[in-house]
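These notes are about the structure you will find just below.
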Amino acid sequence: MWIVFECPSCHGQNVAEITGETIALRCSACAWQRPVSEENRAATEPANCVVCGCGDLWRQKDFPQRLGILMVGTGALVSTIFWWYMMPAWAIGVLLLFALLDGVLYTLMRDVLVCYRCHARHRHTPLVGRHERFNLELHERYRQEAIRLEEMGQKPKTQNSKPEG
Ligand SMILES: [Zn+2]
Ligand SMILES: [Zn+2]
């Protein structure tokens, strides 16, 4: 499983791999680390966020939206060129091809789990349906919580941010 996360301590962007032998998740820039529970080390869907311990994660396609837009844009451009040369069948064909490609890629892309609280992305993990798709209400609740904590002058709490023992 790959974790893409922002370090709770130094706010640096990190990418880390969690295998069966990974005892702790570490920041590449500072001394922050957090023990990885045995359950999350197993090659299965994590029960909670490996970075902050939050149990609410949402499932989404690991497909960068920008790539999708870029592809559709390229298709439209190539199609326009064919129109210019008065080849309407090719123009429509190209447009359909790119739309199809976009759809196929979207379907093939695996899901990622995103943490509601810290937005860490848990990639390349087999999903067994433990977590639901994005829920706006839940998202709003975490957003409000983050705002409240910020107003109180403290950063969102992370559980067990220090190694145990
Ligand atoms: Zn750090
Ligand atoms: Zn989290």
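The residues of the range 124-140 that are within 14 Å of ligand 2 (Cβ to nearest atom) and either part of a strand (DSSP E or B) or more than 14 Å from the chain's Cα centre (by Cα) (or both), listed by number, are Leu138, His139.
Residues that are more than 18 Å from the chain's Cα centre (by Cα), within 16 Å of ligand 2 (Cβ to nearest atom) and surrounded by fewer than 13 Cβ atoms within 10 Å (Cβ to Cβ) are absent from the range 71-92. Of Val114, Val4, all but one fail to be under 29 Å from Glu137 (Cβ atoms) and within 16 Å of ligand 1 (Cβ to nearest atom); the exception is Val4. If you go through the range 1-34 and pick out every residue that is more than 15 Å from Arg117 (Cβ to Cβ) and either part of a loop (DSSP other than H, G, I, E, B) or among the small types (Gly, Ala, Ser) (or both), you end up with 18.
Whether a residue is free of Cβ contacts under 8 Å to residues at least 60 places away in the same chain and either closer than 30 Å to Trp90 by Cα or in the same structural domain as Pro126 (by TED's automatic domain parsing) (or both) was assessed, and Ala31 passes this test. Quick check on the range 36-55: of everything there that is of a type outside the set (A, V, I, L, M, F, W, C) and surrounded by 17 or more Cβ atoms within 10 Å (Cβ to Cβ), which residue is farthest from Ala120 (Cα to Cα)? If we take residues in the range 36-55 being of a type outside the set (A, V, I, L, M, F, W, C) and surrounded by 17 or more Cβ atoms within 10 Å (Cβ to Cβ), then Arg41 is farthest from Ala120 (Cα to Cα). Tally time: how many residues in the range 7-34 are away from ligand 1 (no atom under 16 Å from the Cβ) and either charged (D, E, K, R) or farther than 12 Å from His122 by Cβ (or both)? Qualifying residue count for the region: 6. None of Asn40, Asn48 is in a helix (DSSP H, G or I), within 13 Å of ligand 2 (Cβ to nearest atom), at pLDDT below 95 and not charged (D, E, K, R) except Asn40.
The values are calculated or read from the model by the stated rules, or taken from the named source; none is laboratory data. All of these numbers come straight from a predicted model, not from anything done at the bench. Quick reminder, even Gly has a Cβ in these numbers, built from the backbone with ideal geometry, and neighbours come from all protein chains shown.
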